1. Would you mind stating whether Ala69 is among the hydrophobic types (A, V, I, L, M, F, W, C), over 18 Å from the mean Cα position of the chain (by Cα), over 15 Å from Leu166 (Cα atoms) and not in a loop (DSSP other than H, G, I, E, B)?
2. Being of a type in the set (Lys, Arg), touching a strand residue (DSSP E or B) at 6+ places or on another chain (Cβ under 9 Å) and outside any helix (DSSP H, G or I) is the requirement here; does Arg239 meet it?
3. With Asp185, Asp170, Asp194 as the choices, which residue is farther than 22 Å from Pro382 by Cβ, modelled with pLDDT of 95 or more and either in contact with an Asp or Glu (Cβ under 9 Å, 6 or more places away or on another chain) or not basic (Lys, Arg) (or both)?
4. In the range 27-45, which residues are in a loop (DSSP other than H, G, I, E, B) and not hydrophobic (A, V, I, L, M, F, W, C)?
5. Could you list all residues from the range 151-193 that are in a loop (DSSP other than H, G, I, E, B), farther than 25 Å from Ile99 by Cα and of a type outside the set (D, E, K, R)?
6. Say we look at the range 8-26 and pick out the residues that are closer than 24 Å to Ala66 by Cβ and either in a loop (DSSP other than H, G, I, E, B) or of a type in the set (D, E, K, R) (or both); which of these is farthest from the chain's Cα centre (by Cα)?
7. I'd like to verify a number: residues in the range 138-150 that are part of a strand (DSSP E or B) and in contact with a helix residue (DSSP H, G or I) (Cβ under 8 Å, 6 or more places away or on another chain), how many?
8. Just checking, how many residues over the range 112-122 are surrounded by fewer than 15 Cβ atoms within 10 Å (Cβ to Cβ) and either part of a strand (DSSP E or B) or within 20 Å of the chain's Cα centre (by Cα) (or both)?
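The values are calculated or read from the model by the stated rules, or taken from the named source; none is laboratory data. In this text the structure is predicted, and so the values were computed from the model without any measurement. Note that each Cβ is placed from the backbone with ideal geometry, even for glycine, and that neighbours are counted across all protein chains shown.
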Amino acid sequence: MPETFSKWVACWGNATSITDRKEATYAKDLTLRYPIRACFSGSKLRFHFSNLTGTEPVTISEAYVAKNAQAKDAAENYVPTPITFDGNTSGTIPAGEEILSDEIAFNVTAGETFDVSMYFGDFTQMNAGTAITGPLSGGKYSYGNFAKAANLPDDLTRKTNWIYFLNTIDILTEEKNFALVCFGDSITAQDWPDYLTLRCAREGFNNVSIIRRAVSGTRILREYRCITYAAYGLKGATRFPIEMNVAGARSVIVQHGINDIIHPVGVEVNKFRPWSDMPTAEDLINGVRTLYIQHARKLGLKVYSGTLLPIYGWRTYNENRDIVRMAFNEWLRTTPEFDGCVDFDKAVRGHDDPKAFAGGFDSGDHLHPSALAYKAMAECVPEALLK
């Protein structure tokens, strides 16, 4: 029987947050290109573009979707399909808002890669984006308008791990397909969601997309009001309701809270990081319960906890911080308020010293996992979430 495409499901997605405040905050005559691996087959696409953290409108001069041109001779058959907005080839994203493109007829086969290219002709405030890493993540930018080009010019192009404005891609696909949302901070902004996507493809979990909603440095309970730490993003109370706008979502894994624990150092060290920001385990529990669990239940989502990883050796480590982490983890593992627990901590910690990463699992900063550890995190996600 032929496939019936009748359901919109998010097939790719990231958070949108405040970009790092560098000297240059505007771009002009710029092309952005992001390759997207299709996890589902489908007949139409629609694109969410976000300027959530921008303070000025952003105009996309033109945008296209096209089958990736990496295969031999593919460049000769590179056919960019315009992404339109109310029938127009240009679209403006108001400050603090998100826009949705028209539905674009575009046949996709699971496993294919397609490019999303955007061109910004006028001065554009680059204040809405998120940095992500992983084997499936990243893109390129070029000086000039090459949005329709099969290949970007080497001398005018560089790689980037910042995803600007492109927030989510939905595909019209089969009814049986669904999305799993991974919500968190830098641990989730880095590699494990990509490895989970690759695991799903390898093990035949072909009906689930992995949607990443993660911002490096972000906290559950607080956010920074200074340009030095602006890129650490919005607090959980602000982020979660926005980022759970995911078509076809069935479940969410929440792995969040380590920055609440490790950031405070006292105003005598850093005026923006007072000791009054230091939470108790009960503070974190109440935050997750009221900000995440209750909202997810209203959306009909299943909610799974993700335990916090070891921090022994991190530059602000002390025993009191780890006591808070371990008490919070114990609640994440045992409370019946979740539908289950993904025990990331158990997957990466040492057997002899559970306060630290296992051998080969520490990236070197004693906070972020190595590539091997990210793979272990992906492997420990229960199959029940992927079926």
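1. no
2. It is false that Arg239 is of a type in the set (Lys, Arg), touching a strand residue (DSSP E or B) at 6+ places or on another chain (Cβ under 9 Å) and outside any helix (DSSP H, G or I).
3. Exactly one residue qualifies, and that residue is Asp170.
4. Residues satisfying the conditions are Lys28, Asp29, Ser41.
5. Passing the criteria: Asn151, Leu152, Pro153, Gln190.
6. Here the residue is Thr16.
7. So the answer is 2.
8. 0
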